[in-house]
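Novice: Please read through the structure below; I'll follow up with questions.
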Amino acid sequence: MPDLSVTLGPLALKTPVLTASGTFGYGCEYSPIVDLARLGAVITKSLSVHPREGNASPRISETPAGMLNAIGLENCGLESFVAQRLPELAQLPTHVLVNVVGNSVEEYATICRRLEKEEAVDGFEINISCPNVKYGCRFATEPADCRGLVRALRPLTKKLLMVKLSPNVTDIAVIARAAVEGGADALSLINTLLGMAVDVNTRRPRLGYVTGGLSGPAIRPVAVRCVHQVAQACPGTPIVGIGGIRTVYDALEFFIAGASAVQVGTTNYLDPDFLNRLPGELDGWLAQEKLSSIKELVGTLRRD
Amino acid sequence: MSCSPAADNASASFVQSQAAITHHAAVSSRYFLLRLQCEAIARRAQPGQFVMLACAPDNGGASEPLLPRPLAILDARGAELELLYFVSGRGTQVLRRTAEGARSGSTDTRLRIIGPLGRGFTPIPDVDAHVALGGGSGVAPLVFFFRRRADGNAWHLILGARTADQIPCTEAVAVPGHLRIATDDGSAGSRGTAVDALQALLNGDLKGRRVGIYAAGPEPMMRGAAQIARTLSFPARVSLEQRMACGVGVCRACVVDGTGPHPKTGLKRRAVCQDGPVFDINELAGW
């Protein structure tokens, strides 16, 4: 049986299949139908220091091969997370990464500092790229701000420190390098693409927040391109590919382009069983290609 | 299983499956009855719960539209699940095409399905009578509720529609208890809205009785029923509809505001899919 294990910084994962933040709750919601033990890690919904009610409805709108969302980082806040969610997360038969958001370096730091001592938490995905909140983008678009943020967080944790990048930039490689210079163990990409849809009958935006983040198969080519660029720019830094993965072949594209692992997001909504199937399908494909490990596939894009 | 935030509500035991279409037929000018082979969901289904149903077969991951649609359960018998739907947009249009093209029971046209989901209807305690108002997509959950729970003369179901031809055929909505029809143009049953029929019932046969009120369907109808319940201090429950992506509480697309902090999150938001779709009106802000 081919080896699916991968390493992201200090963290060894059983499989390279993770769940994208915001599409899998806190891991437990899908536990009746998803075998969490076969996942490399679960990534929680974004967590902020203070509770957030999120944006006004409507919060989603379906688009060709995708969807727009403007949830607005609705979450219970750090204190409630520790009291209500951590005990459940400690029971999960897989690693748990907490997706962290903040309006300032200090807010990100507060969460990392508080959760560093919690055994249930195996690492952090630093969300610098949510398009659906005011000030959501500074750390994602300004290399110096990104570097400064990661540099401030690095001393606070020995756990995995992964930075989630936005595609809504001129050159994602520049931001990726800044995050690595700041001390990121790994990079995950991409977050959603900023988009918008209009109801022509009412002439109103289809989302309460007007604009939203586009996800689903529609964005996959953009995500694969970004992974390829970042892999070139940051050799040696593990990349977790995200964006419209709907079949095993979609996931394979990301590995070949340079990702060490992948996250499944929007597909969870329509086919949560995909998470059960994907590790086995990767196994099967590797065996068929006579590869003994997923690591042998990473970054094997041919240009000849 | 130790990890079960869902254990404290009815969505604890949902399953995912691929269901074959065994029957599809128009049951009025508006509604279609869709029967699916899906024992695991049929066995668990409770009135007022719903399923997330793909509109087309997977087709190697290329099916459109991408997202499943939340559809209320009309009935569950043995291994079969019945859904009542009408075409309201692109998704249900594709679903209709899929269902009409399906050979009965064919595995080529199996649809991905997740369910049963959400908290459904249960009888309101300590009342003399029960009156339910259904319209639009709210017909299915109330018919199912009556078939499972109604016993005797104290149960009244009022179905509202614009015209007689929109009312599903008698067989599709046969329930124990009293069935009343209200149409805007008077072409069937009483002339007027379901809310008018509720008012008439409360002023007539049920005068002086304490009544539990249930409503599912268009928002003006549910708000009209809630208004009457408030005026008379009667308990009332409504089944809300919102756009959904996941149906299990993770995407947070379908939220509405509750009256107090959510016991789990501390937020005022409630997920219609997980905390509802059926809510006591006292749980909802602005109702």
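Novice: Suppose we look only past 30 Å in the calculated P(r) of the protein assembly as shown. What percent of the Cα-Cα pairs does that tail hold?
Specialist: Cα-Cα pairs in the protein assembly as shown separated by more than 30 Å: 53 percent.
Novice: Would you mind checking which residues have amide H under 5 Å from B:Trp155's amide H? H placed 1.01 Å from N; only 5 or more apart, or other chain.
Specialist: The list, which skips near neighbours in sequence, is B:His130, B:His178.
Novice: Compactness ratio of chain B: Cα Rg over 2.2 N^0.38 Å, N = residue count? Intermediate results must be reported in sequence, preceding the final value.
Specialist: Values: Rg = 18.5 Å, N = 287, 2.2 N^0.38 = 18.9 Å.
Scaled against compact globular proteins, the figure is 0.98.
Novice: Apply the Kirkwood formula to segment B:8-117: the hydrodynamic radius equals the inverse of the mean of 1/r over all pairs of different alpha-carbon atoms; give it in Å with one decimal.
Specialist: For segment B:8-117, the Kirkwood estimate is 13.7 Å.
Novice: For a footprinting-style exposure proxy, rank A:Lys295, A:Lys164, A:Lys159, A:Lys290 by other Cβ within 10 Å, fewest first.
Specialist: Ascending number of Cβ neighbours within 10 Å: A:Lys290, A:Lys295, A:Lys159, A:Lys164.
Novice: Return a whole-number percent for the relative contact order of chain A, with Cα pairs under 8 Å and 6 or more residues apart as the contact set.
Specialist: Reported as a whole number, the value is 21 percent.
Novice: Please arrange A:Ser80, A:Ser21 by counting, for each residue, the other beta carbons lying within 10 Å of its beta carbon, fewest first.
Specialist: A:Ser80, A:Ser21
Novice: So which GluC sites (Glu not before Pro) in segment A:256-297 end up in coil per DSSP with only 14 or fewer other C-beta atoms within 10 Å? Walk me through the numbers on the way to the answer.
Specialist: Working: sites: A:Glu281, A:Glu289, A:Glu296; in loops: A:Glu289.
Loop-located and lightly packed - A:Glu289.
Novice: In whole angstrom, and with the biggest value first, how far do the Cα coordinates of segment A:1-62 range along each principal axis?
Specialist: 48, 27, 22
Novice: With no solvent and one equal point scatterer per Cα, compute the Debye intensity ratio I(q)/I(0) for chain A at 0.14, 0.15 Å⁻¹ and report its log10, rounded to two decimals.
Specialist: -1.01, -1.18
Novice: Tell me whether segment A:152-302 comes out rounded, prolate or oblate; compute the Cα gyration tensor, take square roots of the eigenvalues as a ≥ b ≥ c, and use a/c under 1.5 as the rounded threshold.
Specialist: Oblate is the answer for segment A:152-302, as a/c is 1.5 or above yet b/c matches or exceeds a/b.
Novice: If you don't mind, another one. If each DSSP helix of 4+ residues adds -39,500 (n - 2.57) and the sum is divided by the residues in the protein assembly as shown, what number results at 222 nm, nearest 500 deg cm²/dmol?
Specialist: When only DSSP H runs of four or more count, the value is -7000 deg cm²/dmol.
Novice: Quick check for you: which residues of segment A:26-69 have the amide N under 17 Å from the point 7 Å beyond the Cα of A:Leu194 toward its beta carbon?
Specialist: A:68-69
Novice: Normalised by the residues of segment B:8-117, what does the relative contact order come to in percent, with Cα pairs under 8 Å and at least six apart?
Specialist: Relative contact order, segment B:8-117: 40 percent.
Novice: Measure nothing fancy, just the Cα-based angle from helix B:90-101's long axis to the longest principal axis of chain B, in degrees from 0 to 90, nearest 10.
Specialist: Compared with the principal axis, the helix lies near 60 degrees.
Novice: Still on this structure, please answer the following. Counting only other chains, and only Cβ atoms inside 10 Å, what mean value do you get across the residues of A:269-278?
Specialist: Mean partner shielding for this stretch: 5.
Novice: Just the number, please: percent antiparallel of the DSSP beta bridges in chain A, rounded to the nearest 5.
Specialist: Around 40 percent antiparallel, to the nearest 5.
Novice: Expressed as a rounded percentage, what relative contact order does segment A:196-246 have, with Cα pairs under 8 Å and six or more residues apart?
Specialist: Relative CO of segment A:196-246 lands at 34 percent.
Novice: Based on alpha-carbon atoms only, what is the radius of gyration of segment B:129-239 relative to the globular estimate 2.2 N^0.38 Å?
Specialist: Taking N as the residue count of segment B:129-239, the ratio is 0.95.
Read-outs: derived from the displayed coordinates by stated rules, not from any lab. Please read all numbers here as calculations on a predicted model, not as lab measurements. FYI the Cβ positions are ideal-geometry reconstructions off the backbone, even for glycines, and counts take in every protein chain you see.
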